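What follows is a set of notes on a single structure, which appears directly below.
The values are calculated or read from the model by the stated rules, or taken from the named source; none is laboratory data. Small disclaimer: the values here were computed from a predicted structure and weren't measured. Counting neighbours? That spans all protein chains shown, and the Cβs are built from the backbone with ideal geometry, glycine included. When the accessible area is computed, the model is the full protein with side chains, heavy atoms only, and any ligands, DNA or RNA have been set aside. Shrake-Rupley method; radii C 1.70, N 1.55, O 1.52, S 1.80 Å.
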Amino acid sequence: MPTNQAGPNTAIRNYPKLLRRYQQLLDLTTDLAATFDLDTLLQRIVVAARDLTDSEASSLMLYDTQSHSLHFEAATGGLVSGVGQRTIPADNSIAGWVFTHGEPIVASDVLNDPRFYREIDVITQFETSSILGVPLKTKDKILGVIESVNKQNGTFTEEDVQILQTLAAQAAIAIENSQLFMQSDLIAEIVHERRTPLAALTAAAHLLQRSDLPQSQHLRLSDTILNEVRRLNDISTDFLELSRLESGRTHFQREPIHLGGLIEESLELVRPQAQSKDIKLETELDSSVMPVHGDRKLLKQLLLNLLTNAIKYNRPKGKVVVALRMEEKEHVVMEVRDTGRGISAEDQEHLFERFYRVSDSEDDVQGTGLGLAIAKRIAESHHASITVESATDHGSSFAVHLPTDSPSEATTRPLIEPPL
Ligand code: ADP
């Protein structure tokens, strides 16, 4: 690693400055620990990184498990404009090197460094000449990278490396805390969602205790109890599934899948439900469709979520069609079409949000509002997307666009990357 060692004399000469920097860092640490809003936090970190290392600018990238790349999350000075939602490949950049090796780097002459990823300079019109990069490490994983760019006078020193590493260690803890804090919103959400069925259960149980309750009401109340217990159970199961997918704890298999077979199997599972509403199930399967690579169990769950919705929100004697076709050699499209109530343009914007239910579905159809959020997560983990087309009162179509991959990609490209 080409770091510049500063001799002991320089260190002694710079002592007051060093002390000032550590004092600054100490003040910041208390500040960081008290900041839970991620954007504010990241902005404070990059400003501190720039100031503590006497650099022209600083930036912070966090690793995104799905795209296997580093996302720019915050930057200062000249780097700000244009950096926006940019990403940097984790395997072909200086930041990527820091991330994969988990070590700091001083690149004093980036233009002659083959790892340098020029695209960001092109976008931001910023001229990078030197970079000091350090990993954002917690106890058990690496969250991303902080970079200080262009040392103001001279080159990055060993003290710069050390101070940025100390900042990064504090920053990583603060970032993780902030992420955990955001996750606790998830907990708040589930607690909230469980309140309604719990209130219904409590009320039903109280009523059952009354000696003057007519016998005819007993059956009705026990029905309510069964329904609400089922609902609580569904909420818990779906929620657990979703939080596993979101936290990256789901274990993904990767195998070739013939979607035709998977569709037939799934249709068998939902046939009783369709029959009870007198709904016809049909297929339009193009036999030339290539297998896709992915996790069979999860893709089946995705399809089942779409199918059960197509049946639940259909009208009696309606129809559900599952179609499978190629889309320009690059994608396989698996589509579920129904003749149901349809979804307004306004509701379509929110369908995939956790716990979102169209208001007029709430009364007559049971659901958790998590099915589509789960479907979307599964699609994303397969580098796929889901599109919706719908007309109120005429029906809806949900299409999953799955990439077909070349044999080499099929074995090398991961589904979701497991967190380090
Ligand atoms: P739920 O458990 O409520 O079905 P989902 O996340 O699967 O949750 O769906 C969210 C909402 O989207 C549903 O409550 C329903 O209002 C609407 N929706 C989903 N699929 C359809 C469909 N095929 N037709 C009409 N509305 C649908």
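The three principal axes of the Cα atoms in segment 363-405 give end-to-end lengths of 42, 23, 8 Å, sorted in falling order. Among Ser184, Leu41, Leu28, whose Cα sits farthest toward the positive end of the charge dipole of the chain (+1 at Cβ of Lys/Arg, -1 at Cβ of Asp/Glu, about the Cα centre)? Of the listed residues, the answer is Ser184. Solvent-accessible area of segment 233-335 (1.4 angstrom probe, protein heavy atoms only): carbon and sulfur portion equals 50 percent.
Calculated translational diffusion coefficient of segment 229-283 (37 °C, 0.692 mPa s; Stokes-Einstein with Kirkwood radius over alpha-carbon pairs) equals 231 µm²/s.
Reported to the nearest whole Å, the Cα centre-to-centre distance from segment 182-208 to segment 292-354 is 29. Peptides 155-166, 302-313, 205-216 ordered by packing proxy, namely the average of other Cβ atoms within 10 Å per residue, highest first: 302-313, 155-166, 205-216.
Across the chain, the mean sequence separation of Cα contacts (distance under 8 Å, 6 or more residues apart), normalised by length, yields a relative contact order of 13 percent. Only the Cβ atoms of Lys and Arg (+1) and of Asp and Glu (-1) were treated as charged; on that basis the dipole of the chain about its Cα centre amounts to roughly 900 debye. Taken over the C-alpha atoms, segment 139-270 has Rg and Dmax values of 26.8, 89 angstrom.
With the charge dipole of the chain set up from +1 on Lys and Arg Cβ and -1 on Asp and Glu Cβ about the Cα centre, the Cα lying farthest toward the positive end among the listed residues Val400, Pro89, Ala172 is that of Ala172. With contributions of -39500 (n - 2.57) from each DSSP H run of at least four residues, the per-residue ellipticity at 222 nm computed over the chain stands at -16000 deg cm²/dmol. Here is what passes the span test in the chain: the DSSP H helices with alpha carbon length of 24 Å or more along the helix axis and a Kyte-Doolittle mean of -0.5 or above are 15-33, 158-209, 259-276.
Accessible area per residue for segment 89-134 in Å², computed with a 1.4 Å probe and the full protein assembly in place, what is it?
Numbers: 2130 Å² over 46 residues.
That works out to 46 Å² per residue.
Note on the chain: dipole from Cβ charges, positive end direction compared against Leu304, His251, Leu213; the farthest Cα belongs to Leu213.
Counting only the Cα atoms, segment 311-354 fills a convex hull of 108 Å³ per residue.
Could you compute how fast the chain diffuses translationally, taking Rh as the Kirkwood radius over C-alpha pairs and applying Stokes-Einstein at 37 °C with viscosity 0.692 mPa s? Give it in µm² per second.
On the way: Rh = 25.1 Å.
So the translational diffusion coefficient is about 131 µm²/s.
Restrict the search to segment 281-358; then list the GluC sites (Glu not before Pro) that DSSP places in a loop and that have at most 13 other Cβ atoms within 10 Å of their Cβ.
The qualifying sites are Glu328, Glu330, Glu349, Glu353.
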